[in-house]
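Since the structure comes first, as structure tokens, the remarks are kept for the end.
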Amino acid sequence: MIEPIYWLNGRLATSAEAVLPLNDHGLLYGDGVFEGIRFYNQTPFRLKPHLERLELSARALMLSLPYDRHQLEAAVSQVIQAYGAPNGYIRLVVTRGPGSLGLDPTHCERPNLFLIADRVALVTEEKRRIGIELVTTATRRSGPSVLDPRIKSLNYLNNILAKLEARNAGADEALLCNAQGFVTEGTAENIFIARAGTLFTPPVSDGALDGITRGIVLELCEQEGLETKERSLTPYDIHTADECFLCGTGAELLPVRSLDGRPMAYTPGPISKQIQQAFQRLIETETSTRKR
Ligand code: PMP
């Protein structure tokens, strides 16, 4: 079993050394931002958009990152190398840093930034093959009037409550709608459906994270000559879809077998399989040793 690797504020650290003060506002108030990044063949996958999104999330919170782009790239390389395995997942977190009690972030001295390299397996291999079961939850995705979903912050309680609802209902994952009842996303994945040969995904403005994997899927569909439409969806559209899958850095591409007990026509269907294969080819092309 490969051990996780930790990097804290400029250097690799053992798990005993990689600790934060209890008065860090990241811990006290969920005040901070993060990214989840995969690496394949010891090469980070689509690192640039992840770092760009991190910078935007931090700007939205008036949180100044303690390291620049090049330093973060170097930190990512360092943890990948130290981890040793060809493939894995990196969690990059920036907290507001230690400060006095009370929400006011202007009292915080300096953000803490850490990385963890480890493996991540959100579902079993069997579920990955046969598809997961989704339920629509009573918990809604907060919209921009509450907390803009494009900010990838440490505030995931909304998603965690939805996940608990799904688990309590015996399902694998939650489908969150916005306050108007339109589909947004899963707890940590964007959603696509296929119907009569066309792929549909809700526009980010309906209340989803602007997922990097979502962007890749749209890119692959174009290359594969598959028609895509960004259109508002309701659970009805998913109940009556031919195919459905979730996508995200952690989840990669994950077939959905049913929503609220209504099975998809095909799991995984031909379009999902085609995109899955194109996704694998893209990873190989962008991360194989020949290309480095
Ligand atoms: N939505 C949410 C709420 C997420 O946390 C994630 C995971 N980062 C995603 C979607 C998928 O985004 P990405 O493809 O950029 O990992």
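Numbers at a glance
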{"quantity": "GNM top mover of Leu103, Leu233, Leu199 - the chain, alpha-carbon springs below 10 Å", "calculated": "Leu103"}
{"quantity": "Relative contact order of the chain, defined on C-alpha pairs under 8 angstrom at six or more residues apart (%)", "calculated": "18"}
{"quantity": "Karplus-derived 3J(HN,Hα), 6.51/-1.76/1.60, for each residue of the range 214-224, Hz, glycine and proline x", "calculated": "4, x, 5, 4, 4, 4, 5, 4, 5, 4, 7"}
{"quantity": "222 nm mean residue ellipticity, helices alone, for the chain (DSSP H n ≥ 4; -39,500 (n - 2.57); rounded to 500)", "calculated": "-9000 deg cm²/dmol"}
{"quantity": "Fraction of accessible area attributable to carbon and sulfur, the chain (%, probe 1.4 Å)", "calculated": "53"}
{"quantity": "Gyration tensor verdict on the range 219-292 (Cα atoms; rounded if a/c is under 1.5, prolate if a/b is larger than b/c, oblate otherwise)", "calculated": "prolate"}
{"quantity": "The range 5-118 - percent relative contact order, Cα under 8 Å, separation 6 or more", "calculated": "39"}
{"quantity": "With all protein chains modelled, accessible area of Lys163 [1.4 Å, Å²]", "calculated": "70"}
{"quantity": "The range 72-132, relative contact order in percent, only Cα pairs under 8 angstrom and at least six apart counted", "calculated": "35"}
{"quantity": "Solvent exposure, largest accessible area first (probe 1.4 Å, DNA, RNA and ligands not counted), of Thr139, Thr201", "calculated": "Thr139, Thr201"}
{"quantity": "For Thr187, residues with placed amide H under 5 Å, excluding near neighbours", "calculated": "Ala174"}
{"quantity": "Protein-only accessible surface order, largest first, of Met264, Met1 at 1.4 Å", "calculated": "Met1, Met264"}
{"quantity": "Computed accessible area, Leu161, all protein chains, 1.4 angstrom probe, square angstrom", "calculated": "90"}
{"quantity": "Solvent-accessible ranking of Arg38, Arg281, Arg195, largest area first, probe 1.4 Å", "calculated": "Arg281, Arg195, Arg38"}
{"quantity": "Dipole magnitude of the range 125-284 about its Cα centre (Cβ charges: Lys, Arg +1; Asp, Glu -1), debye to nearest 20", "calculated": "260"}
{"quantity": "GNM result for the chain, Cα springs below 10 Å: residue of Val19, Val256, Val135 fluctuating most strongly", "calculated": "Val19"}
{"quantity": "Point-charge dipole on Cβ atoms (K/R +1, D/E -1) for the range 5-118, about Cα centre, debye to 20", "calculated": "300"}
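The values are calculated or read from the model by the stated rules, or taken from the named source; none is laboratory data. None of these values were measured; they are calculated from a predicted model. Neighbour counts run over all protein chains shown; Cβ positions are idealised from the backbone, glycine included. When the accessible area is computed, the model is the full protein with side chains, heavy atoms only, and any ligands, DNA or RNA have been set aside. Shrake-Rupley method; radii C 1.70, N 1.55, O 1.52, S 1.80 Å.
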